[in-house]
1. Please get the size of the charge dipole for the chain, origin at its Cα centre, with Cβ charges of +1 on Lys and Arg and -1 on Asp and Glu, quoted in debye to the nearest 20.
2. Based on the Kirkwood radius over alpha-carbon pairs, what is the Stokes-Einstein translational diffusion coefficient of the chain at 20 °C with 1.002 mPa s viscosity, in µm²/s?
3. Along the positive direction of the dipole of the chain (beta-carbon charges: Lys, Arg +1; Asp, Glu -1; about the Cα centre), which of Val8, Gly134, Ile97 reaches farthest?
4. Multiplying the sequence separation of Lys2 and Leu105 by 0.36 nm and subtracting their Cα-Cα distance, what value in nm do you get?
5. If amide H atoms are built 1.01 Å from N in the plane of the peptide, which residues on other chains or at least 5 residues away come under 5 Å of the amide H of Tyr13?
6. Which value at 222 nm does the chain reach when only helices count, each DSSP H run of 4 or more adding -39,500 (n - 2.57), with the total divided by all residues and rounded to the nearest 500 deg cm²/dmol?
7. Of Lys38/Lys107; Lys3/Lys119; Lys30/Lys121; Lys37/Lys137; Lys69/Lys118; Lys2/Lys121, which ones are farther than 19 Å apart at the Cα?
8. When the chain is treated as a GNM, springs tying every alpha-carbon pair under 10 Å, which of Lys18, Lys127, Lys107 comes out with the largest mean-square fluctuation?
Amino acid sequence: MKKKICVVLANYYPQISKMMLVGASKVIKKNNFKINKKIYVSGVFEIPVAIARNINRYDAFLALGCVIKGKTPHFEFIANSTINAIMNLSITYKKPIGNGIITCLNKKQAVERADPNKKNKGGEASKAILSVLGVLKNESR
């Protein structure tokens, strides 16, 4: 039986999220799977809620988004809270949730890490969930 995968994308930086989705999709397709659902949320802080609402409908999740540091500590609060919430959901429900949330100092760094033709954070998160599900092809590692 094929595993059902849901991607939750923070659309605050749509260009970056789209690039990560391309990278994630490449890895998933290469492993003969598909993304069953895409859920768009406004920012990364909303990702855990979207996953929690859908936790029983899918076998795995990808959390894709970006947080760029500004001049206040807001960056640290959002990044830490979101990552902790995602980890708690994964452990509590025993489901893989790939962390494809980029935390960077500027947009240039984010674009570099999101580039689907390089070492893409979305692709890395896809490999992580497929590995935990036990379906990652050896050549994809």
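Every number in this text was worked out from the coordinates using simple rules, so none of it is lab data. Given the structure is predicted, the values throughout are model-derived calculations rather than measurements. Note that each Cβ is placed from the backbone with ideal geometry, even for glycine, and that neighbours are counted across all protein chains shown.
1. 500
2. This corresponds to a translational diffusion coefficient of 145 µm²/s.
3. The listed residue farthest towards the positive side: Gly134.
4. Working: separation 103, 0.36 × 103 = 37.08 nm, distance 3.83 nm.
Extra length from Lys2 to Leu105 when fully extended: 33.3 nm.
5. Distant-sequence amide H within range of Tyr13: Cys66.
6. It comes out at -15000 deg cm²/dmol, rounded to the nearest 500.
7. From Lys38/Lys107; Lys3/Lys119; Lys30/Lys121; Lys37/Lys137; Lys69/Lys118; Lys2/Lys121, over 19 Å: Lys38/Lys107; Lys3/Lys119; Lys37/Lys137; Lys69/Lys118; Lys2/Lys121.
8. Lys107
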